[in-house]
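Below is one structure, written out as structure tokens, with a few remarks after it.
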Amino acid sequence: MRDGIRNIKVHAIVLILVIISEFIGVHSFKVGPGTLVLLPMLYALVIGAFMGPKFLKAVNQKDMVGAGSLVGVTLMLLMARYGTTVGPNLPAIIKSGPALLLQEFGNLGTLFLGIPLAVFLGLKREAIGAAHSVAREPNVALIGDVYGFDGPEGRGVMGVYICGTVFGTIFYGLMATAAAAYLPLSPKALAMASGVGSASMMTASVSSLSAMFPQMAEELQALGAASNMLSGLDGLYMSLWMALPASEWLYRKAYRVKYGTEPERPLAEGGK
Amino acid sequence: MKFSEAIAVLIIVAVMSLIGNLVGFHNGIVESLPGMIFLVALCVAGIALGKVVPGNIPNVAWIVLIGCIVTYPGFPGSAVFSGWVKKVSFLSLTTPILAYAGLAIGKDLDLLKQTGWRIVVVSIAVFIGTYIGSALIAQGVLTVTGQL
């Protein structure tokens with residue numbers, strides 16, 4: 001992290017990215033019946049990605065590692081802002097408490113969609129690591145603990161983790177606008193669903209919703225932040241006690257449907 | 001993570017956010033300064049609590065909790081704090097974070113290539129599944145409890 005802080009070049013590039021992105025500003029486009037919202041953070045992310053050695057060559061490996069080491073601390077200011085958004089809205093959040101708590105079980109939706117699809121695409125036990133959860137840091141740590149990182153489950157969870165890091169934020173931003181425009185779901189429900197345990201994905205989703213429904217912006221941000229905190233609290237236990245057993249079960253079912261035989265036993269049953 | 005290092009990063013990001021807040025949202029630097037200093041102070045307090053209190057509770061959990069308490073209606077000064085912080089646009093705080101994250105993405109692109117297209121397809125299903133799953137339940141409960 002020290003190298004990252006002392007890397008003036010990285011800070012200078014980030015500052016330029018911030019100024020360019022903010023200068024472009026928020027843009028909404030009418031697409032069919034819906035609205036596509038583009039936010040400065042998306043420009044900053046995309047232009048930043050193009051600075052790498054593959055494209056513009058403005059940053060090298062050392063700069064990229066340095067920038068990555070700082071992301072955790074840079075998130076803190078945003079989290080402080082979230083806290084100050086939740087506080088004034090706490091009475092409203094408590095009123096939405098049942099919905100907020102119960103929607104956490106919707107995070108299991110990932111495995112019911114993901115496991116059959118992964119098996120159908122030909123993945124074996126990678127499927128369990130990949131599709132048991134949305135694969136943020138706590139889930140990665142959990143899979144490493146239960147199965148080990150060098151096995152197929154570890155490869156699966158790392159694959160989805162990397163995808164989430166690379167394009168998860170953009171995907172959540174666009175998915176939120178698409179869902180709000182085309183699905184009969186209220187912005188409040190979508191804001192609650194935004195909290196999947198990743199601050200940047202939640203922010204992308206909630207910011208897009210706020211831009212579409214500016215009169216509810218404060219409430220939507222508060223609901224998203226509260227839901228994300230809940231996911232951070234319960235995510236690990238939910239994965240361990242519910243998502244992993246359900247994934248194993250669904251994996252066996254899907255495997256039998258596709259291959260007509262029982263799947264091989266996992267190599268490491270509890271890789272500790 | 002050293003305390004001094006975290007504070008250095010916080011100040012750098014705070015300055016960038018102030019500039020972004022000016023360029024993108026036309027909130028003057030002087031008028032948004034109290035809110036930004038307040039946010040930095042919340043972070044510092046959160047990191048300090050994370051170091052002092054046993055139990056390995058993440059810093060961000062403390063930061064959100066303190067921010068939540070001091071702006072809860074009825075807490076002394078909560079209205080003043082909320083007023084300061086409102087001048088710091090929410091979105092202007094997100095831009096520097098994703099600029100750093102964007103710069104860091106370059107090193108993950110090769111890894112992504114290795115994992116193959118199937119994992120990418122599964123990832124998309126995973127993102128959609130958790131989002132729509134949660135949204136459907138939330139919508140159902142909000143409807144049943146009459147909050148829509």
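Which one is farthest from the other protein chains (Cβ to nearest Cβ), of the residues in segment B:119-143 that are among the small types (Gly, Ala, Ser) and more than 23 Å from the chain's Cα centre (by Cα)? Ranking the candidates gives B:Gly140 first. Got at least one residue in segment A:69-85 being aromatic (Phe, Trp, Tyr) and under 22 Å from the mean Cα position of the chain (by Cα)? Among the residues of segment A:69-85, at least one is aromatic (Phe, Trp, Tyr) and under 22 Å from the mean Cα position of the chain (by Cα), which makes the answer yes. Residues in segment A:97-130 that are touching a Lys or Arg at 6+ places or on another chain (Cβ under 7 Å) and outside the structural domain of A:Gly151 (by TED's automatic domain parsing): 0 in all.
Taking every residue in segment B:61-86 that is more than 8 Å from every other protein chain (Cβ to nearest Cβ) and pairing it with any residue that is crowded, with 22+ Cβ neighbours inside 10 Å and small (Gly, Ala, Ser), at least 6 positions away or on another chain, the pairs with Cβ-Cβ distances below 8 Å are B:Trp62/B:Gly46; B:Trp84/B:Gly35; B:Lys86/B:Gly35. Kindly indicate the residue of segment A:29-59 that is surrounded by 15 or more Cβ atoms within 10 Å (Cβ to Cβ) and either in contact with a strand residue (DSSP E or B) (Cβ under 6 Å, 6 or more places away or on another chain) or polar (S, T, N, Q) (or both) and also modelled with the highest pLDDT among those meeting that condition. So the residue we want is A:Leu38. Look at (1) part of a loop (DSSP other than H, G, I, E, B); (2) facing another protein chain (nearest Cβ under 7 Å) and you find that A:Leu102 fails only one, number (1). Residue count for segment A:146-156 under the criterion of being more than 10 Å from chain B (Cβ to nearest Cβ) and either in contact with a strand residue (DSSP E or B) (Cβ under 6 Å, 6 or more places away or on another chain) or in a helix (DSSP H, G or I) (or both): the result is 5. Taking the criterion of being in a helix (DSSP H, G or I) and more than 7 Å from chain B (Cβ to nearest Cβ), the residues of segment A:48-62 that qualify are A:Phe50, A:Lys62. Of the residues making up segment A:173-201, those that are among the hydroxyl-bearing types (Ser, Thr, Tyr) and at the interface with chain B (Cβ under 7 Å from one of its Cβ atoms) are A:Ser186, A:Ser200. For segment B:1-41, the candidate set comprises residues that are hydroxyl-bearing (Ser, Thr, Tyr) and surrounded by 15 or more Cβ atoms within 10 Å (Cβ to Cβ); within that set, the residue that is farthest from the other protein chains (Cβ to nearest Cβ) is B:Ser32. If the requirement is being over 18 Å from the mean Cα position of the chain (by Cα) and closer than 22 Å to A:Leu236 by Cβ, which of these qualifies: A:Arg136, A:Arg125? The match here is A:Arg125. Please verify whether A:Leu209 is more than 10 Å from chain B (Cβ to nearest Cβ) and within 19 Å of A:Met229 (Cα to Cα), treating the condition exactly as stated. So A:Leu209 passes the test. Restricting A:Ile143, A:Ile162 to those that are touching a Ser or Thr at 6+ places or on another chain (Cβ under 9 Å) and within 10 Å of chain B (Cβ to nearest Cβ) reduces the list to A:Ile162.
Selection of segment B:91-114 for residues being facing chain A (nearest Cβ under 7 Å) and surrounded by fewer than 21 Cβ atoms within 10 Å (Cβ to Cβ) yields B:Lys107, B:Asp108, B:Leu109, B:Leu111, B:Leu112.
The values are calculated or read from the model by the stated rules, or taken from the named source; none is laboratory data. What you see is a predicted model, and the numbers here were worked out from it, not measured in a lab. Glycine gets a Cβ as well: all are built from the backbone with ideal geometry, and neighbour counts include every protein chain shown.
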